[in-house]
Each structure stands twice: as C-alpha cells, then as structure tokens.
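Asks: Mind having a look at this structure? Questions to follow.
The values are calculated or read from the model by the stated rules, or taken from the named source; none is laboratory data. Note that this is a predicted model, so its numbers are computed, not measured. Cβ sites come from the backbone with ideal geometry, for glycine too, and all protein chains shown count toward neighbours.
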Amino acid sequence: MASVLDLRRRIRSVKNTRQITKAMKMVSAAKLRRAQEAALQARPYAQMITSVLESLQRRADIYDHNTGEALHPLLVQREEKNVLVVVVAGDKGFAGAFNSNIVRAASTFVRERETRGQNVDVEPVGRKAKDAFRRLYPRAVYERKTEKYDNDLSEHHEIIRHRAHKVELTGEHELMLARLDFNTVHAMVRDIVARFERAEIDSVYVVFNEFKSVIAQRVVVEKLLPIAKLGAPEITAAEEMSVEQKEAAGHAALSAGVSTLEPEETSIEREAKKFGTADVDYIFDQSPARIFKHLMPKYIETQILHAMLESAAAEHAARMTAMDNATSNAGDMIDALSLTMNRARQAAITKELIEIVSGAAAL
Amino acid sequence: MAETTHNTGLLSVRLVTPQRVVVDTTAEAVELPSMSGYLETLYGASPLLAELGAGEVRLHGGASGNEKFFVAWGFAEVLPERVTILAEQAMRPSEINVEQAKADLLQGEKDWANAGDEAQAYDDANAEIRVAEEKIASAEGKVAH
C-alpha cells in the first residue's frame, strides 16, 4: 500500500492538473464565444450572395435553351470519376473526439468512393487532418507544361496532373482556422474552382463539424460542386451527437456560462434574404450573365468560409467539453485518493496502537 | 451633389464583407466605385445592380457624416430607399497599411512583367495593381474619379 506521503503528493499533482484543465475550459469557452460571434457576423454576406444568385438565375440564361446544358462551368454535372474532399479539422488536440470523428467520417467517405472505382483527392485543412492523411496517401504530382508556338514568340502554359494512385493529397492548409483570413480562403477556393473547371475533378465535397449551438452539432459531408441548387447545401452524410455527448456538452456550457441556444436571426439577416430579389426591373450596370458568372465563385467561397467558421466554433466547444470532463474526473480522483490516504493514515495509527498495546501486554 | 430638392429622405446604407457588417447607417447620397466608373445615388433612385471594382465608397450626409471606405471587388444593390454593398475587402482609409500596399504594388508590377502569355496571370496582376494603387490613393486622400 502506498504511503501517506506518496498519496499526498499524488493528490497535489492531480489538483494542479485540475487547475490547468479548468483554466483551459474557461479559455475555450471565451474562444468559443468569439468564434460563434464571428460565424454570426459572416451570415449576412453569405445570405446576400445566395439571394442575389437565386434571383439572377431567373434573369440570366444559365442553361442552354436547346440542349438544356449548363452554361456556367460550376453548374456542369459530369460523371463522378475524380472526387475532391476537403477535410476541415482542428490544429490542436485536447478536444476530445473532435478531430478523430472528422477524420473517421472522411476516411469512410474515401473508402466508399474507392469501392465505387472513383479516384479521390484529399485536401486536409488543419494540422490534425493533415497529420492523419499524410501518413496514408501520397502527394499529387503536377507538371507545368509550356508549349511555344508562332515561331517561339508565344507560349502556352498547361498544368497537367499525373495521377499515379487512387487516393492522393492535393494540398494542405494548416493554421488557417485560428485567425481566419478571407484572403487565404479566397486563394484556396480559386485553386479548387480552377481544378473543377479544367475537369481535373468532377465533384467537390467538404467534411466538417456543423455547429448550430453547443448541443446541436453534427459531422457532415456536404457537396459543394457542381452546384445542384443554390442556397440548399446537399448533405450526403451526417453523424449526429449522442445523448451522452449532448449532456456532457450541455453541462460544460452551463458551468462556463455559454448559451446552448441557437442565436436568433437578426434584422440584418432577414433583410439579407431580400437582397437583389426586389420585385422590380433592376437596371443592370453589367449584364446579369456577367454578374452571375462573377458571383458564382464567391458563393463557393462563402460556403467554405462558413464550414471553417463553424468548425472553429465546434473545436472550441469540443475542447471546452473535454476539459470540463477532465476537471470533474480530476475531482473524482482527488476524492478517491483522499479516501485512500485517510485509510492509510488510520491504518498506520492503528498499527502503532496495536504495537504499543501488545508491547505493554508482553511486559 | 445633386440638388437637395429631390432629397426627400435618407438612404439606409449597409456595407458588408464576408466576415462582418462594416457599417449600417443612413446617408443622403452614396458614391460607389462600379466596374464601369463611379456612380452616385440619391434617395428614390431606380433599382440597380452593379459589380464593384476597387475604389472608395463615399457616404454624404445623414447619420454617416461624410464617411469614406476603401472597398475592393464586390457587388451593390441600389433600391429607392436602400443601398447595400457587398465587398470582399472594406476598410476606412485610416486603416490602410500604406507600406503593405506599396509592397503589393511592386509585387503586382513584377507579376505583370512575368505574366508571359497567360491571360489569367495578366488579369491577376492587373487586379493586384489596381487594388494597391486605389489603396494608396485612398489612404492619401487622393482618389481620382
């Protein structure tokens, strides 16, 4: 049996751990509030882009009248031979099953597509996703080919993809979630849209943790491209929270003073839905077709930004819950250790008493 | 500014970026940097949809008190009583990092020189140069229009 001194040391150490986990929980709660606010702030823009595109759809010819083919490259439906999946996970650990849930959902997706005979490109966002997939799949190989023509006066560049494996990594993005900058999202989406337009990939999916509130979250696989219907993201798979997870998250949120309610729609959001949809004949400074063409990539950008903002909030919520669990586990451990320590101390006293008594009896 | 006799009311003006609502106020007149040149709208203007380039959004009168914002790449809806501006970038001239903009301008010129025969590279470089130039002009209070 451990001595009283050992037990006292262990209790002290667990108490220190509890202090740390408690502090981490409070820090995560503060970061969660900020992330929720950021997600809320981003809603009007996304809503406005969607509304105006929906409205333009009716005014611009986006489908060929005779053949019914989509005229915008992002609407073109091709047979899915090459699929890109963007996996949005966190940059840091200590967040319970947050990262592993996302990686698992993404792996299931990749395996399922592989069995259908499709090639899959994986693009991880966040260090945890990157680490998980880098070990499994090789990097994609690109070649930039330059052709000269007109007696070498002009050049033509072409990017050629050499696909050697069924599943390859096409890019990594880490540390972009903590301080989400629209420019980095913009660059990433431009690259993805370019690949889709030159038919290197036939569809794009994003795996992320959807976050409505602390107790309303799920890991989803959402189809981004080609766009089937504006403003209605196509969810192809979703994993809901279990009752225990909801309870744990609810307890953590309550003790950290974070609301478990979904934020209400603001007046700006309500008005955002009407953006560009007034029942009047607009004067178009540029042709509706041109405006539509330029707004489409922005729509994809807002979708990706939305996924990242929600994922960032979900990560903080997961860390808050995990640290709340750790704090209460540390409390239980301290109780158990204190009991053992008291028993050990009592045993020592009893032993000494017995020795005195039996010593006296022997005289 | 146009004659005030037509100004029967105030326009409600909203400037929104992908990350937040930058300003939500009222103004008597709004100038917008459309792709095809500056536009000025007053209360009661015909509904209009326009793509924005890089330049300054200027608000005159109303609660805004003559505010200016640098914006780049966006989209605006003008309704008789409301102007809504979506912009990828939006900031007050005082928030512009001029040193950074000058560095971007040099980089843009370098990209332009190296663009070769790629139309896309030229467009990108031109866009970069335009944003940088407009930023510098806006920060120094010298936007031409």
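Asks: For A:Glu222, state whether it is of a type outside the set (Lys, Arg), closer than 30 Å to A:Ser242 by Cβ, in contact with a Pro (Cβ under 7 Å, 6 or more places away or on another chain) and in contact (Cβ under 8 Å) with a residue 40 or more places away in the chain.
Replies: On the way: of a type outside the set (Lys, Arg): yes; closer than 30 Å to A:Ser242 by Cβ: yes; in contact with a Pro (Cβ under 7 Å, 6 or more places away or on another chain): yes; in contact (Cβ under 8 Å) with a residue 40 or more places away in the chain: yes.
Yes, satisfied.
Asks: Among what's in the range A:87-120 and is of a type in the set (D, E, K, R) and touching a Lys or Arg at 6+ places or on another chain (Cβ under 8 Å), pick the residue that is farthest from A:Glu222 (Cα to Cα). Show your work before the answer.
Replies: Filtering the range A:87-120 down to residues of a type in the set (D, E, K, R) leaves A:91-92, A:104, A:111-114, A:116.
From what is left, the residues that are touching a Lys or Arg at 6+ places or on another chain (Cβ under 8 Å) are A:91-92, A:114.
Values: A:Asp91: 21, A:Lys92: 23, A:Glu114: 18 Å.
Looking at residues that are of a type in the set (D, E, K, R) and touching a Lys or Arg at 6+ places or on another chain (Cβ under 8 Å), I get A:Lys92.
Asks: Would you point out the residue of the range A:79-91, among those that are out of contact with any strand residue (DSSP E or B) (no Cβ under 8 Å at 6 or more places or on another chain) and among the charged types (D, E, K, R), that is farthest from A:Leu180 (Cα to Cα)? Show your work before the answer.
Replies: Of the range A:79-91, the ones out of contact with any strand residue (DSSP E or B) (no Cβ under 8 Å at 6 or more places or on another chain) are A:79, A:90-91.
Still in the list and also among the charged types (D, E, K, R): A:79, A:91.
Values: A:Glu79: 34, A:Asp91: 12 Å.
The qualifying residue farthest from A:Leu180 (Cα to Cα) is A:Glu79.
Asks: Would you check which residues across the range B:35-63 are small (Gly, Ala, Ser), crowded, with 21+ Cβ neighbours inside 10 Å and free of Cβ contacts under 8 Å to residues at least 60 places away in the same chain and list them? Spell out how you get there, then give the answer.
Replies: Going through the range B:35-63, the residues small (Gly, Ala, Ser) turn out to be B:36-37, B:44-46, B:50, B:53-55, B:61-63.
Filter once more, keeping what is crowded, with 21+ Cβ neighbours inside 10 Å: B:50, B:54-55, B:62.
Result: B:Ala50, B:Gly62.
Asks: Just need a number here: residues in the range B:66-76 that are at pLDDT below 90 and either buried (at least 22 other Cβ atoms within 10 Å of the Cβ) or more than 18 Å from B:Ser138 (Cα to Cα) (or both).
Replies: 2
Asks: While we're looking at this one, here's another question. Could you list, in sequence order, all residues of the range A:279-302 that are in a loop (DSSP other than H, G, I, E, B) and either under 13 Å from B:Glu51 (Cβ atoms) or within 37 Å of the chain's Cα centre (by Cα) (or both)?
Replies: The answer is A:Tyr282, A:Asp285, A:Gln286, A:Ser287.
Asks: Would you say A:Ala238 is in contact with a Lys or Arg (Cβ under 8 Å, 6 or more places away or on another chain), more than 29 Å from A:Ser55 (Cα to Cα) and hydrophobic (A, V, I, L, M, F, W, C)?
Replies: So A:Ala238 passes the test.
Asks: Another question, if that's okay. Tell me the residue from B:Glu109, B:Glu128, B:Glu140, B:Glu81 that is in contact (Cβ under 8 Å) with a residue 24 or more places away in the chain and more than 14 Å from every other protein chain (Cβ to nearest Cβ), please. Show your work before the answer.
Replies: Numbers: B:Glu109 fails: in contact (Cβ under 8 Å) with a residue 24 or more places away in the chain; B:Glu128 fails: more than 14 Å from every other protein chain (Cβ to nearest Cβ); B:Glu81 fails: more than 14 Å from every other protein chain (Cβ to nearest Cβ).
When all the criteria are applied, what remains is B:Glu140.
Asks: Do we have B:Ala121 as within 20 Å of A:Thr184 (Cα to Cα), more than 18 Å from the chain's Cα centre (by Cα), away from chain A (no Cβ under 14 Å) and of a type outside the set (Lys, Arg) here?
Replies: When the stated conditions are applied, B:Ala121 does not pass them.
Asks: Going through A:Glu158, A:Glu172, A:Glu168, A:Glu123 one at a time, which residue ends up being closer than 26 Å to A:Pro73 by Cα, surrounded by fewer than 12 Cβ atoms within 10 Å (Cβ to Cβ) and in contact with a strand residue (DSSP E or B) (Cβ under 7 Å, 6 or more places away or on another chain)?
Replies: Details: A:Glu172 fails: surrounded by fewer than 12 Cβ atoms within 10 Å (Cβ to Cβ); A:Glu168 fails: surrounded by fewer than 12 Cβ atoms within 10 Å (Cβ to Cβ); A:Glu123 fails: surrounded by fewer than 12 Cβ atoms within 10 Å (Cβ to Cβ).
Only one candidate qualifies: A:Glu158.
Asks: In the range A:289-302, how many residues are under 26 Å from B:Glu81 (Cβ atoms) and more than 8 Å from chain B (Cβ to nearest Cβ)?
Replies: 1
Asks: Specify which of the listed residues (A:Ala344, A:Ala326) is over 30 Å from A:Ala35 (Cβ atoms) and touching a Ser or Thr at 6+ places or on another chain (Cβ under 8 Å). Show your work before the answer.
Replies: Values: A:Ala326 fails: over 30 Å from A:Ala35 (Cβ atoms).
One residue alone meets the criteria, A:Ala344.
Asks: On to the next question. Can you tell me how many residues within the range B:16-71 are out of contact with any strand residue (DSSP E or B) (no Cβ under 6 Å at 6 or more places or on another chain), at the interface with chain A (Cβ under 9 Å from one of its Cβ atoms) and in a loop (DSSP other than H, G, I, E, B)?
Replies: Here the count works out to 4.
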